[in-house]
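Encoded as structure tokens, the structure appears first; notes follow it.
Read-outs throughout are calculated quantities, based only on the coordinates presented, and are distinct from any laboratory measurement. Nothing here was measured: the structure is a model prediction, and the numbers come from that model. Cβ coordinates were reconstructed from backbone atoms using ideal geometry, including for glycine residues, and neighbour counts include every protein chain displayed.
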Amino acid sequence: MNRNQTHRSRRWILKSLHLLGLFLIMAVICIPGLWIVLNSFRPTVEIMAKPPVWTPTFTLDHYRAMFGGAGEGGVPVFQYFRNSLIVSVASTVIAILIGMGGGYAFARYRFRFKNGYFVGLMLFRAVPGVALSLPLFIVFALVGLIDTHIGLILVYVAMNVPFTIWLTDGFFRQIPKEFHEAAEIDGCTRWQAFWKVEFPVARSGVAAAAIFAFLTSWNEFALASQLTRSVGSKTMPVGLLDFTAEFTINWGGMCALAVLMILPALILTFLVQKHLIAGLTFGGVKG
Amino acid sequence: MTEVTLNRVVKRYGKHEAVHGVDLKIHDGEFLVLVGPSGCGKSTTLRMIAGLEDISDGEISIGNRIVNELPPRERNISMVFQNYALYPHMTVCENLGFTLRIAKQPEAEIEKAVKKAAGILGLDGLLERKPSELSGGERQRVAMGRAIVRRPDVFLFDEPLSNLDAKLRTQMRVEIKKLHHRVGNTIIYVTHDQVEAMTLADRIVLMRDGHIVQVGTPMELFNNPVNTFSATFIGSPPMNLIDGVVTDVGTIILRNSLTVPIPAVARKQVVSGQQVQFGFRADNLMPIGHAVEEPGELANLELPVSLTEPLGTETLLFAELAGQEVQAKMLNPRPVQPGETIAFHLVLNKCHVFDAGNGKALRD
């Protein structure tokens, strides 16, 4: 009886510690995001107040100002949003097409220097993107790609392809080769067998890869800040800089724009989360 | 007429040769089984016929066409895979109709063909299900249905029953045989299970290490194995083999201890002093009074029994002959105590003699 009780209380303590640990980790992850959302609805005075104001006042001033005219602290939100969308969607689609082709080739075919190529691709990912910004800037300046959508799309495709290859390679490896063989015997060409059988089966994995590629492009700041100049090509992360002036930073406005930036990504991730989890566990088994 | 002909077919992977010049003619409507241990090249041979593997050398023709350069879809074949390879994102109905849909047949035609195949295989109630919602046996039937719908010249089966449990395997074996009677197409079937080979085949092709060891009807392989490999691979339990030396008085001394007369068929093929292996099946070593008495030469043996395996209508006895364990069959079994010595009849005209060096059968 007594032993039973100590056992039960010990289990209770362990469970509490477990939950507390989870809470702390989630807090570290979530509080900055929460802080941004909350601050976007507070007057600047309150954000900067020392000591902090614990009972917040709710205001939509920052959003009003952001969407307002240029003189009143407004920024071309819709332009930035459009740029981000064009660049992210285009680079994701291209990166997925190329990456999926590459991943499929690595999973299904034998060719010379296969491992070398694969390691090479992974090594490219080890190079910090910012280190490439100067050479990229010079090259792009020479060919006139600075401040264009295409330039940014190219950079993001290059950034995303290795990761997409790595991810989709894992997914295609999981699919028994008999699927395409059966399809080929059933009358498909190799190409049809891929699109009608293997691609639908790997859908989850491809969706997961697409989300990662999209988020990378959507959130990228360092290179975009170098390669874009004008309203015509600046993406949202770069647009955040509009809120910094020589002596002041408009934190409230910046937070409001950040919220607008987070929302689409959040919605998209939410929509495909089922695929995302299925895709990640599916591919994750790879040895 | 759909004959399949293999003419010195070779498969090489880099420098390694997996199939060494296989010659084979498969007749129209024949049920041919390729059997052998894993790595013997049987699956590779099948996949070359299917077009899933390149042919390194030689020629394969289906009907009157040489198909070496044709992709699988142009060979008009169907294949049932070991893991069934049902398309997981399609329903049973879509799986069955896939091949016709690819061929752009009219919907009405597809529906008719799917219904017919479903009827043959008893899949009517399952058409709207996904493969993941089916049992192993049902998946197997869908895979066969998919093969039928295509109305191929040749059916190829690649170990289709290996993933089923023993009971279901026996059932599906019967269904496959019935299917063959019904559609009458040429079937090439790969298995490593000699029981499947024996029960299904019109003709068996026994392979080892990329070579064909023996081709023949199941009974030919069972009764007249060309070498010790064939003798031990076909039939269950495997043939008993005992080392022996031929004497000059028409006998064989087994392991320096027991003398048996040379079986009549081998008498002209052996020379005095030759090292041989003496072989006989458990069916031909039977306790006196518990055997089907066969006419012909019998040898009397008294052997101690060390172990028994009752199987119902018969009991397998593990007896010691010339210091080696051999298996015998007891019909109408009675209880046998381990250690008991039993009098056996060995049916000599059903015994085999093999060359001890190369394992070849010595027979007229």
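Data for the structure
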read-out: Tensor-based shape of the range B:239-283 (alpha-carbon gyration tensor, a/c under 1.5 rounded, otherwise prolate or oblate); value: oblate
read-out: Cα centroid separation - the range A:215-231 against the range B:319-338, whole Å; value: 84 Å
read-out: Calculated FRET value between A:CYS30 and A:ASP147, using beta carbons and R₀ = 35 Å, to 0.05; value: 0.45
read-out: Euclidean distance between Cα centres, the range B:187-221 to the range A:143-188, Å; value: 44 Å
read-out: Label-point separation in nm, A:LEU134 to B:LYS115, each point 7 Å along Cα→Cβ; value: 7.6 nm
read-out: In the range B:2-98, the GluC sites (Glu not before Pro) that fall in loop regions by DSSP, at most 11 other Cβ within 10 Å; value: B:GLU69
read-out: Shape parameters for chain B, alpha-carbon atoms, Rg then Dmax in Å; value: 24.4, 78
read-out: 10 Å Cβ neighbours from other chains, averaged over peptide A:125-136; value: 0
read-out: Under the Debye formula (equal points on every Cα, no solvent term), log10 I(q)/I(0) of the range A:76-284 at q = 0.07, 0.08, 0.16 Å⁻¹; value: -0.26, -0.34, -1.08
read-out: Neighbourhood charge, 11 Å Cβ-Cβ cut-off, centred on B:HIS89 and excluding it, Lys, Arg +1 and Asp, Glu -1; value: +1
read-out: Long pairs among A:LYS114/B:LYS104; A:LYS196/A:LYS274; B:LYS25/B:LYS350; B:LYS42/B:LYS178, criterion Cα-Cα beyond 27 Å; value: A:LYS114/B:LYS104; B:LYS25/B:LYS350
read-out: Cα point-scatterer Debye curve for the range A:2-67, base-10 log of I(q)/I(0) at q = 0.13 Å⁻¹; value: -0.58
read-out: For A:TYR109, A:TYR117, B:TYR87, A:TYR80, order by how many other beta-carbon atoms lie within 10 Å, fewest first; value: A:TYR109, A:TYR117, B:TYR87, A:TYR80
read-out: Total formal charge among the other residues, if their Cβ is under 11 angstrom from that of B:PRO304, Lys/Arg +1 and Asp/Glu -1; value: -4
read-out: Folded to 0 to 90 degrees: helix B:166-183 orientation relative to chain B principal axis, Cα; value: 60 degrees
read-out: Candidates per GluC sites (Glu not before Pro) in the range B:263-364, loop by DSSP, up to 11 other Cβ within 10 Å; value: B:GLU293
read-out: Helical mean residue ellipticity (222 nm; -39500 (n - 2.57) per DSSP H run of 4+; nearest 500) of chain B; value: -7000 deg cm²/dmol
read-out: ³J(HN,Hα), Karplus 6.51/-1.76/1.60, whole Hz, each residue of the range B:332-345, x for Gly, Pro; value: 6, x, 10, x, 10, 8, x, x, 5, 9, 10, 8, 10, 9
read-out: Principal axes of the range B:244-322: Cα extent on each, largest first, Å; value: 43, 27, 16
read-out: Cα gyration tensor category, rounded, prolate or oblate, for the protein assembly as shown with a/c compared to 1.5; value: prolate
read-out: Spatial separation of Cα centroids for the range A:104-125 and the range B:60-75, in angstrom; value: 33 Å
read-out: Order of B:ASP153, B:ASP124 under a 10 Å beta carbon neighbour criterion, fewest first; value: B:ASP124, B:ASP153
read-out: Efficiency of FRET from Cβ geometry, A:VAL93 and B:GLU220, R₀ 56 Å, rounded to 0.05; value: 0.35
read-out: Value at 222 nm in deg cm²/dmol, rounded to 500, when DSSP H runs of n ≥ 4 in chain A each add -39,500 (n - 2.57); value: -24000 deg cm²/dmol
read-out: Dipole in debye (nearest 20) - the range A:76-284, about Cα centre, beta carbon charges: Lys, Arg +1; Asp, Glu -1; value: 400 debye
read-out: Debye, to nearest 20: dipole size of the protein assembly as shown, +1 on Lys, Arg Cβ, -1 on Asp, Glu Cβ; value: 1780 debye
read-out: Cβ-defined net charge surrounding A:SER88, 15 Å radius [Lys, Arg +1; Asp, Glu -1]; value: +1
read-out: Ascending count of other beta-carbon atoms within 10 Å, so fewest first, for A:LEU263, B:LEU86; value: A:LEU263, B:LEU86
read-out: Mean separation of Cα contacts under 8 Å, 6 or more apart, over the residue count of chain A: relative contact order %; value: 28 percent
read-out: Restricting the range A:180-287 to GluC sites (Glu not before Pro) in coil, as DSSP defines it, with at most 16 other Cβ within 10 Å; value: A:GLU246
